[in-house]
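Student: Quick one: the structure is below, and I'll ask about it shortly.
Where a number appears in this text, it was derived from the coordinates with a stated rule and is not lab data. Predicted model, so just to flag it, every value in this text is computed and none were measured. Quick reminder, even Gly has a Cβ in these numbers, built from the backbone with ideal geometry, and neighbours come from all protein chains shown.
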């Protein structure tokens with residue numbers, strides 16, 4: 001077996017183990033998030049597939065090239081959306097207050113649940129950033145620096161808004177297939193909080209992505225400039 005086959009086999013094995021562990025934790029804890037995160041992780045991986053198709057169809061199949069970018073833009077918020085899955089750990093207790101101060105509870109099962117969610121979130125976000133980095137590098141080859149900066153700001157803001165739509169309005173990427181209903185929901189639910197949430201999340205993603213690019217540069221010195229623009 002070559003290295004690619006071995007890697008693919010390891011990825012499949014990890015996915016199966018993670019799914020099995022998710023089912024087990026759901027049954028034991030009663031928290032559906034342990035199963036839901038498998039689906040969320042699947043959605044977070046799809047942008048990487050779209051970005052690969054996007055780069056491999058740049059010189060031919062222009063229709064597929066454009067459609068793959070649109071699909072990537074719609075699906076990309078699914079990756080950072082996973083960060084909000086941490087809120088589902090609220091029913092778990094990691095410490096309690098006493099008269100003498102707080103005491104951290106030594107319940108290993110609670111910590112296993114935290115690590116299970118964290119593992120899914122980190123993989124989802126890193127996979128999403130990998131897809132964004134591929135798109136970003138393509139932008140830098142095609143456009144001037146100021147255009148790249150504008151495009152990246154747009155991506156971060158639209159992603160922040162996409163996370164808002166997913167978490168608070170419970171909308172999905174495929175709701176774009178019902179544009180009129182989607183538009184009416186967006187108009188009726190967009191308020192000051194939605195704007196502030198989108199901007200705050202966009203800033204957060206911009207900072208996080210900048211660190212990701214910087215670390216990627218250090219890992220692979222031969223890759224292109226790691227700056228966000």
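Student: Report the gain in length on full extension from residue 52 to residue 19: 0.36 nm times residue separation, minus Cα-Cα distance, nm rounded to one decimal.
Tutor: Contour length minus the Cα-Cα distance gives 9.4 nm.
Student: Given the Cα atoms of the stretch 113-198, and with Rh set as the inverse mean 1/r over their pairs in the Kirkwood sense, what is Rg to Rh to two decimals?
Tutor: 1.04
Student: Please give the FRET efficiency for residue 3 paired with residue 217, using the beta carbon to beta carbon distance and R0 = 30 Å, rounded to the nearest 0.05.
Tutor: Working from the Cβ atoms, E equals 0.80.
Student: Now, a different point. What is the extension gain from residue 170 to residue 187, computed as 0.36 nm multiplied by their sequence separation minus the C-alpha to C-alpha distance, in nm to one decimal?
Tutor: 4.6 nm
Student: Multiply the residue gap between residue 60 and residue 138 by 0.36 nm, knock off their C-alpha separation, and tell me the result in nm, one decimal place.
Tutor: Difference between extended and current length: 26.6 nm.
Student: If r is the Cβ-Cβ distance from residue 10 to residue 149 and R0 is 41 Å, what FRET efficiency results, to the nearest 0.05?
Tutor: 0.60
Student: Give me the angle, in degrees from 0 to 90, between the Cα long axis of helix 62-75 and the longest principal axis of the Cα atoms of the chain, rounded to the nearest 10.
Tutor: Helix 62-75 sits at roughly 30 degrees to that axis.
Student: Please state the relative contact order of the stretch 3-219 as a whole percent: Cα pairs under 8 Å, 6+ residues apart?
Tutor: This gives 20 percent for the stretch 3-219.
Student: Can I ask one more? Taking the Cβ-Cβ separation of residue 38 and residue 195 as r and a Förster radius of 25 Å, what is the calculated FRET efficiency to the nearest 0.05?
Tutor: That pair, residue 38 with residue 195, gives E of 0.20.
Student: Which angle from 0 to 90°, rounded to the nearest 10, does the C-alpha axis of helix 108-142 make with the longest principal axis of the chain?
Tutor: Tilt relative to the chain: about 10 degrees.
Student: Moving on to the next point. For the stretch 32-75, what's the radius of gyration and Dmax over Cα atoms, in angstrom?
Tutor: Final numbers for Rg and Dmax: 13.1, 44 Å.
Student: From the list (i) 32, 24, 19; (ii) 36, 18, 15; (iii) 28, 20, 17, can you say which value of semi-axes √(5λ) of the Cα gyration tensor in Å was derived from the structure given?
Tutor: (i)
Student: A follow-up question, please. By how many degrees, between 0 and 90 and to the nearest 10, does the Cα long axis of helix 192-219 differ from the longest principal axis of the chain?
Tutor: 80 degrees
Student: Could you tell me the center-to-center distance, by alpha carbons, between the stretch 51-113 and the stretch 130-179 in angstrom?
Tutor: Computed from Cα coordinates, the inter-centre distance equals 16 Å.
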